[in-house]
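Structure first, then comments.
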Amino acid sequence: MKFGPLGTVLRWKNRAPLPSLRLFSLLHSRSSFGIAFDIDGVILRGRVPIGGSPQALRRLCRDSGALKFPFLFLTNGGGIPESRRASELSELLGVNILPSQVVQGHSPFKNLLKRFENELIIALGKGEPALVMSEYGFKKVLSLDEYASYFKNIDPVSQYKNWTTEKIFNSKANTKDLVPRYDVLSDRVKAAFVVSDPVDWGRDIQVLCDVLRSGGLPGQENGPQPPLYFAADDLEYQAAFPSERLGMGAFRIALESIFNRIHHNALEYTSFGKPNPFVFKNAEAILRRLQPSCHDGYFMDNGNTGSNSFETLYMIGDNPLVDIRGAQKAGHPWFSILTRTGVFKGKENHAEFPADLVVDTVEEAVDYILKKESSF
C-alpha cells in the first residue's frame, strides 16, 4: 500500500465519516426495544406508586433525566389533558415524564378533529372532558354537565343532587339565568364523546338517550343518531379500592341496554382504547419518535420510520382482557407481560388470554427486559 504525503494523511484523518458509515452508526445506536406501561394497577393504585414503579422507571432514564430507552404510558384512563397527566406522573413517580409519553384512551379523538372541528359536540366523564376536547382543537364543545343545565327538567331528579346543582351554578357566578355559550336550544349536537368514566350515570344515560334518539336536539321527534364515541371499553379496572371498579365499558353496556329498549334502532358507537389494535400501532409510532440515540441522549427522528423498527415492544399490564389481549391482537413485535398488582392476581397464567410472561410487579418486568436486552 502506498501512502501519500503526510499532509494528505492528516487531511483524511480530519474528514467527517462517510454518510453511509454515519447512518450505520446512528441506526445501531438506537434501542431495539420499547416499553408501554399501563398505569392503574401496574404503576399506581389511586395516587400511590406500586410494584417498585419509581425505581423501575428510573432504570430506563439517564442521570440527566433524558430517556435511555423509549417508553410511554398506554392507559385507557383519562379526563385531563396529556400535559397535565404527565406532570402528575412526574410528581408522583419522581421521574421526568413528557406529554408525548402519555397516551390516554381519548388521545385518538384528535384524529376526528377535521370532521367535527366547527360542529357542536358534547363531552362527558370525570375530570375536565370539555377542556380535553378543546385542547385537541374542537371549537364548539360543551361538557354534558353544562349542556344539560340549559334544558329545564331534563334530569327529573336534579333537585335531589345539590352537589351537581351547586357545581353548575358556581361555574356561572354573578349570573341569574343560564345563558348558553352556543345556540344549544336549536343547534343539533353533531357528536357525543365519552372522554372518561361518567360520574352521574343516571343523568348521563338520560341525556344521551335524549340526544341520540332525537337526532341531536333533546325534546324533538326521533331523528338520525349522531355519532357516539367511547374512549375505552374496560368493563373493570383496578383503583384504590381492593376489588375492581366498574369502568367505561360497564357504562356503555348500561346505556346500550336502555337505548335499545326505548328506540327502534340499535345503538351505534365506536370504542377506542385497548385492546383495539389501532392503539398499539399508534403507540409503536410514538415510541419510534421517542427512540433515543445512545450518543448524549439526544432524540433523533429523520422521518424514516421504517429504518428504526423495533425488534420487540413490551406491553406491561394488569388486565388480561385489555392489555394482554390487545398486545396479542397487535401481533409482532409485541411481547406481553402480566403483573399481579392489579386486576389479575392469579398464581398461574390467565387461561383465556395468557401473557408471554407473568411477574409479580412492574419492577420485576423491567428487570427481565433489561437482562434480556443486556446488549444495551
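Annotations
- Per residue, the convex hull spanned by the Cα atoms of region 31-128 measures out at 116 cubic angstrom.
- Here is the list for region 320-374: GluC sites (Glu not before Pro) lying in DSSP coil, each with at most 12 other C-beta atoms within 10 angstrom of its C-beta, are 348, 352.
- Normalised contact order of region 107-271, rounded percent, pairs of Cα under 8 Å and 6 or more residues apart: 19
- Annotation: amide H of residue 102 within the under-5 Å range of 73, sequence separation 5 or more or interchain, hydrogens built in the peptide plane.
- Student exercise, region 107-271 dipole from Lys, Arg, Asp, Glu Cβ charges, in Debye to nearest 20: 360
- Highest-first arrangement of 317-323, 116-122, 185-191, 274-280, where packing means the average Cβ count within 10 Å: 317-323, 274-280, 116-122, 185-191
- With only Cα atoms counted, region 107-271 has Rg and Dmax values of 15.6, 46 Å.
- Residue 199/residue 374 FRET efficiency (R0 56 Å; Cβ-Cβ; nearest 0.05): 0.75
- When each of the peptides 124-137, 33-46 is scored by how many other beta carbons lie within 10 Å of its residues on average, the order from highest to lowest is 33-46, 124-137.
- Using 0.36 nm per residue and subtracting the Cα-Cα separation, the extra length available between residue 100 and residue 47 on full extension is 17.0 nm.
- C-alpha center-to-center spacing [region 304-358, region 206-248] in angstrom: 28
- Pairwise FRET efficiency - residue 245 versus residue 160, Cβ, R0 = 22 Å, nearest 0.05: 0.40
- For region 181-229, the equivalent ellipsoid built from the Cα gyration tensor has semi-axes of 18, 12, 11 Å, listed from largest to smallest.
- Under a 5 Å amide H cut-off, with hydrogens placed 1.01 Å from N, residue 236 pairs with 247 among residues at least 5 apart or on other chains.
- Gain upon complete extension [residue 90, residue 312; 0.36 nm per residue less C-alpha separation]: 77.3 nm
- Most tightly packed first, judged by the mean number of other beta-carbon atoms within 10 Å of their residues, the peptides 100-110, 149-159, 208-218 read 100-110, 208-218, 149-159.
- Dipole orientation for region 107-271: of the candidates 231, 157, 189, 189 has the Cα lying most toward the positive pole (charges on Cβ; Lys, Arg +1; Asp, Glu -1).
- Under the Karplus curve 6.51 cos²θ - 1.76 cosθ + 1.60, θ = phi - 60°, whole-Hz ³J(HN,Hα) for region 123-139, x wherever Gly or Pro sits: 10, 9, x, 5, x, 10, x, 5, 5, 4, 5, 5, 5, 6, x, 5, 8
- Residues residue 236 and residue 181, FRET efficiency given R0 of 30 Å [Cβ-Cβ distance, rounded to 0.05]: 0.25
- For region 86-147: relative contact order, % (alpha-carbon pairs under 8 angstrom, 6 or more apart): 27
- Summing charges over neighbours of residue 217, with a neighbour being any other residue whose Cβ is under 14 Å away from its Cβ, gives -2 when K and R count +1 and D and E count -1.
Every number here is computed from the coordinates shown, using simple stated rules; none is lab data. Treat the numbers as computed from the prediction; the structure is a model and nothing was measured. Methodologically, a virtual Cβ is constructed for each residue, glycine included, from the backbone with ideal geometry; neighbour enumeration extends over all protein chains shown.
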